[in-house]
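Visitor: Mind having a look at this structure? Questions to follow.
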Amino acid sequence: MFRFIDREEELGLLNEKYRKGGLNFIPIYGRRRVGKTELAKQFLKGKPYIYFLADKRGTEQNLERFKVYIAEFFNEPVVSLDTFDKMFAYIAKKAGKSKIVIVIDEFSYMVEKDSSIPSVFQIILDEAIAGTNIFLLLSGSSVSMMEKGVLSSKSPLYGRRTGQIRVEPLRFKDAAKFLPKYSLRDCIEAYSVTGGIPFYLQKFTDAVNVPKNIQNAVLRKGEVLYEEVDFLLKEELREPAVYKSVLEGISSGCSKSSEIANKARINAKDIDKYLKVLIRLGFIGKFSPVTGKPKSKKTIYGITDNFFNFWFTFCQPNISILELGQADKAMDFISIGFNSYVGRAFENVCREFLSMRHISPFDFEKSGRWWAGEQEIDIVALNSLKRQILFAECKWQDNIDAAEVLKALKDKAKAVDWRSNGREEFYAIFARSFKKQVNEKNVLLFGIKDMAKGFGL
């Protein structure tokens, strides 16, 4: 059974639009597995609705199936209308002024098979259901197809939506609720693999430890997550093998576009288009020092999707072993580097923790990593108006000497060129536990127990 957690903001928007009445058209989109269908189903509760899941067989086949759903809703025989716009005109006539929610899930499949579909739905909105109380939700997992066919300024549907929702992965705080019996440490380790994707979180269970979950749900041939990366790349992209090479290059440590192109054996002038697509899909990110300018020459790339990061860090390099069904042997390799790997995911959990208003010493407009040469700070948060800056180090270790870490952090902070004259500085240190603490003004220490309390977990 699918557990539904969070999404209050998205549900609030949908219910507010529904209460106001009138014609509504809202596209819902986002990467696969993120929970779009479950969001729609939660919204439908207690409302008259028609839910239709499109497939890839083309317009004619989808129309024939759609007619059956309409007939069942109105408890009447299947009509012989031959186009979607005629079907929606029929629905509008039958519904009158009544409120009806119509969800077409995987609408991107229809657009993929028939490029005229956006124009058909333009006619539906402008003519067939104009002036009604119909609430039309078009949901799609192909981000590129939804953006091109529904959201783009070149789409016939552009400018007709009354709202739109891009469903993003869950925050750590909400993702952790899928595993309520886990300690915060266990939750962070699990999150470093699953990220905030509900479908992946559902594959883990708090009845066993994290390594066992990895072995059972990710490394075992035949499990859905074992094929997940290849499945997503093939579903979204025309050149999955090329994109896979790009991701392998980034995972191997290449962070600049020229390095990635060289590693993936792609012409340097072409790499930018591949990187932009992967960014749009949410698999990688483009970063520059948080205090730098938006078009900084210090731009680097990294894998931001936790599951993709885990797969390309540990599974792809050991694919020969996994293909032989030796998940336990692969797990031995993973255990060697897993602690270091979790440390990188821990930084993002710490950033989320600091963003909570009851935790942060000030409201910051942006936060991120900072680096210059060989020096790097895990988190730097800024408030330009009040000239406030926070420096944070995240140590996925036990028995940390806070004074030692603080001294090194202050030394690095001197190199951060931002409002250097008269800024107010704060410092934060995160660790699993401390052997020595410090008690200084504007210095915050957070152990794993403090974080659990702050997150309310």
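The values are calculated or read from the model by the stated rules, or taken from the named source; none is laboratory data. Given the structure is predicted, the values throughout are model-derived calculations rather than measurements. Please note: Cβ atoms are built from the backbone with ideal geometry, for glycine as well, and neighbour counts cover all protein chains shown.
Visitor: Collect the residues in the stretch 67-119 that are closer than 17 Å to residue 55 by Cβ, free of Cβ contacts under 8 Å to residues at least 60 places away in the same chain and of a type in the set (Asp, Glu), keeping them in residue-number order.
Guide: Within the stretch 67-119, 106, 112, 114 meet the criteria.
Visitor: Take residue 363 and tell me if it is closer than 29 Å to residue 286 by Cβ and outside any strand (DSSP E or B).
Guide: yes
Visitor: Something else now. Are any residues in the stretch 240-273 out of contact with any helix residue (DSSP H, G or I) (no Cβ under 8 Å at 6 or more places or on another chain) and under 28 Å from residue 109 (Cα atoms), and if so, which ones?
Guide: Listed by number, the residues that qualify are 241, 273.
Visitor: Which of the following residues is surrounded by fewer than 17 Cβ atoms within 10 Å (Cβ to Cβ) and modelled with pLDDT of 95 or more: 152, 183?
Guide: Of the residues listed, the single one that is surrounded by fewer than 17 Cβ atoms within 10 Å (Cβ to Cβ) and modelled with pLDDT of 95 or more is 183.
Visitor: Same structure again: Please specify each residue of the stretch 17-33 satisfying the condition of being closer than 28 Å to residue 148 by Cβ and part of a helix (DSSP H, G or I).
Guide: Passing the criteria: 17, 18.
Visitor: Only one residue in 329, 298 is surrounded by fewer than 20 Cβ atoms within 10 Å (Cβ to Cβ) and outside any helix (DSSP H, G or I). Which one?
Guide: 298
Visitor: Does the stretch 211-221 include one or more residues that are in contact with a Phe, Trp or Tyr (Cβ under 7 Å, 6 or more places away or on another chain), outside any loop (DSSP other than H, G, I, E, B), outside the structural domain of residue 122 (by TED's automatic domain parsing) and closer than 16 Å to residue 282 by Cα?
Guide: No: the stretch 211-221 contains no residue that is in contact with a Phe, Trp or Tyr (Cβ under 7 Å, 6 or more places away or on another chain), outside any loop (DSSP other than H, G, I, E, B), outside the structural domain of residue 122 (by TED's automatic domain parsing) and closer than 16 Å to residue 282 by Cα.
Visitor: Among the listed residues 39, 125, 63, which satisfies the condition of being in contact (Cβ under 8 Å) with a residue 60 or more places away in the chain, in a helix (DSSP H, G or I) and more than 30 Å from residue 6 (Cβ to Cβ)?
Guide: 125
Visitor: Right, next: Mind checking which residues of the stretch 290-314 are farther than 27 Å from residue 148 by Cβ, out of contact with any Asp or Glu (no Cβ under 8 Å at 6 or more places or on another chain) and modelled with pLDDT under 95?
Guide: Across the stretch 290-314, the qualifying residues are 290, 292, 293, 296, 297, 298, 300.
Visitor: Filter the stretch 425-441 down to residues that are more than 20 Å from residue 343 (Cβ to Cβ) and modelled with pLDDT of 95 or more and give me whichever is surrounded by the most Cβ atoms within 10 Å (Cβ to Cβ).
Guide: 426
Visitor: Taking the options 435, 441, 449, name whichever one is in a strand (DSSP E or B), of a type outside the set (Phe, Trp, Tyr) and over 19 Å from residue 369 (Cα atoms).
Guide: 435
Visitor: Of the residues 79, 103, which is surrounded by 19 or more Cβ atoms within 10 Å (Cβ to Cβ) and either under 25 Å from residue 17 (Cβ atoms) or in the same structural domain as residue 133 (by TED's automatic domain parsing) (or both)?
Guide: Checking each option against the conditions leaves just 103.
Visitor: Determine which single condition residue 362 fails, assuming it passes every other condition in (1) at pLDDT 95 or above; (2) over 23 Å from residue 185 (Cα atoms).
Guide: (1)
Visitor: Within the stretch 222-272, which residues are over 29 Å from residue 203 (Cβ atoms), assigned to a helix (DSSP H, G or I) and small (Gly, Ala, Ser)?
Guide: 257, 258, 261, 264
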